[in-house]
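The values are calculated or read from the model by the stated rules, or taken from the named source; none is laboratory data. Note that this is a predicted model, so its numbers are computed, not measured. So basically every Cβ, Gly included, is an ideal-geometry build from the backbone, and we count neighbours across all protein chains shown.
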Amino acid sequence: MVREVSESCVESLLAEIVLSYCSGFYANKPELAARRIEAIGFQVGHQLSERYTMDRPRFTDNLEAIKFICKDFWSELFKKQIDNLKTNHRGTFVLQDNRFRWLAHMSIDPSVQASGNIQDPSAMAENKSAQATGMHLYFPCGIIRGALSNLGIECAVSADISNLPACSFVIRIKA
Amino acid sequence: MIVCLAVVGHENNPLYIQSFTESDDALKLHHIVHCSLDVIDERVNNPKKSSPTINEAFLGLLYPTENYKVYGYLTNTKVKFILVTTDLDIRDADVRNFFRKFHAAYVDAVSNPFHVPGKRITSRTFGERVSTIVKSFGLSSAS
Amino acid sequence: MEEYPEELRTPPVALTCLVGCPEVHPLITAHLHSQQPPINAIALPDFSKISVIPPKKPSRDASGPLAGIIKRDWLSKHRTRIPAVVAAIFSSRDISGDPAQWLQVCTHLDNLKASIRGRNTKLVLLLLTNWDNKDDTSEECILALRKRAEVDSKNLIIFVPDHEEELKQSLSRQVPFIVSLSFKVFGLWTVFGELANTYYRDEGRRVRTRLEKKNYTSIELNVRYCFKVALYAEFRRDWLEALKFYEDAYHALREMVGTSTRMPPIQRLVEIKAVAEQLHFKMSTLLLHGGKVLEAITWFRQHTANYRKLVGSPEVIFLHWEWLSRQYMVFAQLLETSSFNDALYVPSTASVPEEKPTEWEFYPAYYYQLAATYLKEKNTCLEFALSMSVDVGPIDGSAESVVASAYLGQYSRLLEHGDAFIMQPLTDEEYARYALAEGKRFQDSFEIIALLKKSFEAYSSSKAERTAAYCGLQMAREYFSLNDFSNAKQMFDSVANLYRREGWLLSLWEVLGYLRECSKGMSSAKDFIEYSLEMASLPETTGSVESFANDCGPAGPATLSEREKIHKEAFEVSRGDSELNSDEQNGAFKVKSDYPLYLEIDLISPLRATLLALAAFHQPMVKPGAPSLITISLRSQLPINVEIDQLEVQFNQSECNFIITNGQKPQIGSVSNLQLGRRVETAPDLVLATNKWLRLTYEIKSDLSGKLECIYVIARIGPNFTICCRAESPASMNDSPLWKFENLLETIPIKDPGLALSGQKAIQVEEPDPQVDLILGSSGHALVGESFILPVTVASKGHAVQSGELKINLVDTRGGGLLSPREEEPFSSDNLHVELVDMSCDTPGDQSEAPSDKIQKIQPSFGLISVPSLDVGESWSCKLKIKWNRPKPIMLYVSLGYSPQSDEPSLQKVHVHKNLQIEGKTAVAINHWYMLPFRQDPLLPSKLKSVSETDQAPSLALNEKTMLIISVKNCSEVPLRLLSMSIETEEKSSTCTIRPQQEEFREAIVNMPGEEFKKVFTIFPKVNSTKLKIGTVSLRWEREQPHSNTTASQVTKHRLADVNVELPLLVVSLECPPHAFLGSPFLYSVKILNQTEMLQEIKCSISDSQSFVLSGPHSDTMLVLPRSAQVLAYMLVPLGLGSLQLPRVSVTSVRYSAGLQPSTVSSLVFVYPAKPHIDLKPGDA
């Protein structure tokens, strides 16, 4: 039984989640809102990874799991694979999606959001639009973290949108 | 006949454990399931070269007790399924097939948004589905 | 395994018999034993004893009924009493020729032969001889003896015990030794071994023929024959054949089950099992010793599977379990003792079982555990059987006369008939009674515990903690059944920990139930209540039928009602309403005021489910004395509501502790024993409902700065029951495992969700605001070299300053410390770029303070000084003296710590911090350069060669005067006063003379910022040197400070670079008057001095100039003789006025192709319009 969801619905839902958390529940506490959105992503990733790993042999190392995220997992979510995977071989992986779908309809002044690293709220405060975009990135970051966590890899995930429409997700595995 | 079925989380905590016997030996079955976790650990940590596929989810017969056979299955997410059966002559293929169906049921159960990851599964739907699978297992091996 | 007879446990060893000459027996026996494989020997001192070897029985009547399968003593008989070889030992004297003796020998031999004839036993002759007369024994005698005994020549051995060499030879197997009779004599052991082998092979073959011909009447015989063949094969160390026949015997025996009717059914089965056990033991031993672990395990599996279902008749079912348990235990022991190496994982060529053994079937622990399980089963069945047999009446004495009969696994009654004993077969009832009586004699529990312990330890060491825990649990249950509560509790506790950690609720419920009973048994009310509360607050496994299972230990099913029952029981005991009864006499234990009950719940206690206390301050920081809100949230999982009489909240600052009393409850005595002055709050009610937060918010203030942390929340329930619960922060609340895994509805402990996520049980109380000014007198930049003085003032505005302390730190603003990394010596003060030199304070007028109070500590970049007590409004200051060795900006941090009250100096410190950046600058820049005397230009050799002149030391001409100009520039921003300037020479005066062109300053010269001051010196080098050290300029200066004369003068030194002194090759000097007059001619001459030893060709030319009319050669080439001078003279008449450029003379040395061009400055002349009235003669300059 294959269940499908319209892409635009997912996008609208994401936008609505961000809106209601950022300007509804936790209007003046952006960290708390970020934490909640990330937590939602975490659970989604956790559950999806359960399903998408169902028919595969167990992964032997972290790289295999990351590759799974890049290929199969990403294909299931976005119908495309991650375009570029880089690693320092010491637990940091950079996954770059050259055209990240969930940001495709987002318009950002490219001149001011150069330092749009969502893990650094202080840098973000200077720029409202980057902040808003950053809020939309907590959800996919949470998905990746949830999926990896369910595969037994505890990590921290951040996103970098310094060259849109490409989006890089940085995974740092906790030693 | 399947007498006990358990889902054990990655901290070796029971996520779901259900026995299908009339008699009062639930606790004994709990102990059998719990002890078999040691065998899974041993088997996963020191894989034997002879085993057919090294990282297959199906772990095969864990150990024979005098009246039961215990089979194990380890998912990619480090969740263990343990099956205790009284059928002493049973084919691996049947068990494999059973676990596959059970895995699907499990995935559906934990994909429930109201299920909190890592907690005991209390879904009634899951329970019903599992008992259907368990019944069908009895039928297929009998035929 | 120990209960098996020796002959069964060890591999059989061939048996021989020595007869005669007892003196050599020990020697031979020892030798035979020492060889590999060893040979046993019966030593018979003389031939009369030969009758101990049992004679061959008459052939059994084939038609008669068979009494049993295998004779019990058959194996031991062959190992100890029936030799394969008999060695008759004769001394050489016996056959030396004395007929009487010879006759004796013959008799002996005949007897011997007669006695062994029936058995086919081999005969060996041993002839004992001395070394000295070993050749005496005649060949004929030996031959005669051999004939008499009818043995082969190789079976007659000459034995020389008294000669070591010979003895060794005759004993050893490899080296045959040749006597004069020239036949080979083999070693004793070899001969014995070979004969024994032959004997056993013949015997085996004999029995095997019967088997092959199916020449047996019953299966019993089939089994027996197979067994015998196998055993004979074992004697020959033919393990393969042995194994095969044991297997045959085993299979044949298996067929007997259900078919044999020879005996009553119970005893029949007992016999079969006994034989099967022995056969299987033999096979396992053979397989394991052969390293075939896999086969052994498979065999064992099959063996137990074959017999597990053969429980036999119900009244003696315990015998079955005992038997089965023994199978497991023996196999475990075998497995343990066999060499356990990696080879066993390699499947051998033999039949691979369809199902491979799993990991644990290789562990002895697995079998020990099952042995224990079956022994427990036996115990249960035995107890049941005993309880049934009580009705039969006391067991009569008849059981005592039952003994094991001649056949393996059979028992019979021994009846005394006068002198004779008669074995009478038993009926099944008699046998059952006997077995029960036997069973009663043994206490199995200790055996069970020992087995489990072995298994427990083995599993623990192989990291199988869960299985080990299960063994531990079984062990603990066994201890419990023996009423050994302390041992049981210890085991149960460790098992409970595992179940708690992994959240196995039902197992935990069982264990806790036992633990509760144990603590009851040990009369420990505290333990009892702890376990009871833990059980009562275990999460419920909703939707699972399992909690209703009945076999959940002494506490019954894990249902809610059961939990409630336990809860009530615990609180009854805690209130002292009921006593804790135990079976022991001293057992009654009651909680009363003499024995209050105090439970402590920490962060890892399992009782966190019973009571969890969270404390959260609403702010992270608070001012001293300002109120802050704290919320105490309590939660309990107990099934019934608990009413707390009183709560006490304790902090690390004990003044903040407060008490919350229950408004519903009358104030009972508990309040009276509190310390007075404690804050008491009253809450409307203090009832903990199941899994609901009880939230209490109060205001709290602290006057002490620092950390204020909530440590304990203490709940008092009833007069003698206290639970002390360590407070936790909501932010760092670690989940209790049981909650973590259970799908409970989770509520947040505090209404504010932010606080619920991030609340902390500790708050930072800030310092009071300082009311003291710390003033750093800034006075601009510091100058390198001077001691820079910085005044620091402490001025009290609102606080008195008590035990103040001033800390000074110098920090390089660019980081990297104040030490230059390049410098080597760490402790020289020169290395420090900036250092704190001194701190001096103007002591206030009153000298009230004792000098001992003063702490003063100075390090290059750190200083500490104590500040005297100041009253409000007073001030105090000190001066810091800082010295810069290099220009560098530094940051000065000054912090003042003081306490505003004098009574408690140590408690409350207030800190003021100030910092100031100070730039250190170079005061003066000293520069220097050299100038040649006016209109003189020496051609130095170095000038000819040098390509790049920048990196070269300046060159000076030897024996020529050179000017040295030193300039000093004020780089600072303050006026400086220059006091003196001199050059300290390093060389002797003979090499070079330097003298100032001016007088020393009469008074200090004030040098304003940016100004430059110059001083001229002359140098006259007298030595040709490439590296002449000129010396160091030393300049004394001070700050120009109009109102203070205290500043010390500073000396700045500047070392002049080394110079190169050379003898110039040519010196060109221009000569002309300093001024001229319009129209009047003057002489302008160029003198070329050749200082070389060579003739120099010089080209000389003069350019025309509009300002002058000149006479003389325009262009000329001339030769200058060595060490002589040539003068080129021109007469010039000026045509213009003012400062005029003389016509350019260019002199070029052809040899060096170097031009000597005088500088433009030096070729100027001033032309006056007319001669002044003062008569000036040209050339006066």
Residue under evaluation A:K79, criteria (1) within 30 Å of B:A105 (Cα to Cα); (2) more than 14 Å from every other protein chain (Cβ to nearest Cβ); (3) modelled with pLDDT of 85 or more, criterion not met: (3)
Report, ordered by the first and then the second residue, all pairs with beta carbons closer than 6 Å, sequence separation of six or more or different chains, a first member in segment C:452-473 that is more than 12 Å from chain B (Cβ to nearest Cβ), and a second member that is among the polar types (S, T, N, Q). C:L452/C:Q474
Under the condition of being assigned to a helix (DSSP H, G or I), touching a helix residue (DSSP H, G or I) at 6+ places or on another chain (Cβ under 6 Å) and more than 17 Å from A:F139 (Cα to Cα), which residue from segment A:27-71 is farthest from the other protein chains (Cβ to nearest Cβ)? A:Y52
Tell me whether segment C:440-447 contains one or more residues that are hydrophobic (A, V, I, L, M, F, W, C), within 14 Å of chain B (Cβ to nearest Cβ) and closer than 30 Å to B:V39 by Cα. no
So, in segment B:6-29, exactly how many residues are part of a strand (DSSP E or B) and surrounded by fewer than 18 Cβ atoms within 10 Å (Cβ to Cβ)? 0
Could you tell me whether B:V95 is within 11 Å of the chain's Cα centre (by Cα), within 10 Å of another protein chain (Cβ to nearest Cβ) and either crowded, with 19+ Cβ neighbours inside 10 Å or closer than 27 Å to C:E361 by Cβ (or both)? no
With segment C:678-729 as the region, which strands (runs of 3 or more DSSP E) entirely inside it contain at least 2 residues that are surrounded by fewer than 16 Cβ atoms within 10 Å (Cβ to Cβ) and at pLDDT below 80? C:679-683
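I'm trying to understand the selection: among the residues of segment C:493-515, which are away from chain B (no Cβ under 14 Å) and surrounded by 21 or more Cβ atoms within 10 Å (Cβ to Cβ)?
C:L515 - this is the single residue of segment C:493-515 that is away from chain B (no Cβ under 14 Å) and surrounded by 21 or more Cβ atoms within 10 Å (Cβ to Cβ).
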Selection count where residues are more than 16 Å from B:L29 (Cβ to Cβ), in a loop (DSSP other than H, G, I, E, B) and either within 14 Å of chain A (Cβ to nearest Cβ) or not β-branched (V, I, T) (or both), scope segment B:69-91: 8
Check whether at least one residue in segment B:61-68 is at the interface with another protein chain (Cβ under 9 Å from one of its Cβ atoms), in contact with a helix residue (DSSP H, G or I) (Cβ under 8 Å, 6 or more places away or on another chain) and hydroxyl-bearing (S, T, Y), and report yes or no. yes
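If we keep just the residues of segment B:1-44 that are among the charged types (D, E, K, R) and at the interface with another protein chain (Cβ under 7 Å from one of its Cβ atoms), which is nearest to B:Y106 (Cα to Cα)?
Among those residues, the one meeting the criterion is B:E11.
Residues checked against (1) out of contact with any Lys or Arg (no Cβ under 6 Å at 6 or more places or on another chain); (2) without any contact (Cβ under 8 Å) to a residue 60 or more places away in the chain; (3) not in a loop (DSSP other than H, G, I, E, B):
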{"position": "C:L1035", "(1), (2), (3)": "yes, no, yes"}
{"position": "C:A1076", "(1), (2), (3)": "yes, no, yes"}
{"position": "C:S1080", "(1), (2), (3)": "yes, no, no"}
{"position": "C:T1117", "(1), (2), (3)": "no, yes, yes"}
{"position": "C:P1122", "(1), (2), (3)": "yes, yes, no"}
Restricting attention to segment B:102-112, does a residue exist that is in a loop (DSSP other than H, G, I, E, B) and surrounded by fewer than 16 Cβ atoms within 10 Å (Cβ to Cβ)? yes
For B:I32, indicate whether it is assigned to a strand (DSSP E or B), modelled with pLDDT of 85 or more and in contact with a Ser or Thr (Cβ under 7 Å, 6 or more places away or on another chain). no
One residue from C:I266, C:I219 being touching a Ser or Thr at 6+ places or on another chain (Cβ under 6 Å), farther than 23 Å from C:G291 by Cβ and at pLDDT below 80: C:I266
Contacts under 7 angstrom Cβ, first residue in segment C:20-37 being touching a residue at least 24 places away in the same chain (Cβ under 8 Å) and not assigned by TED's automatic domain parsing to the domain that holds C:F192, partner exposed (fewer than 11 other Cβ atoms within 10 Å of the Cβ) and part of a helix (DSSP H, G or I), 6 or more apart: none
Restricting to segment C:754-772, what's the tally of residues that are within 11 Å of C:S729 (Cα to Cα) and within 14 Å of another protein chain (Cβ to nearest Cβ)? 5
Pairs please, first residue from segment C:530-546 and more than 7 Å from chain B (Cβ to nearest Cβ) and surrounded by fewer than 19 Cβ atoms within 10 Å (Cβ to Cβ), second anywhere and modelled with pLDDT under 70 and in a helix (DSSP H, G or I), Cβ atoms under 6 Å, 6+ apart in sequence or on different chains. C:P539/C:L738
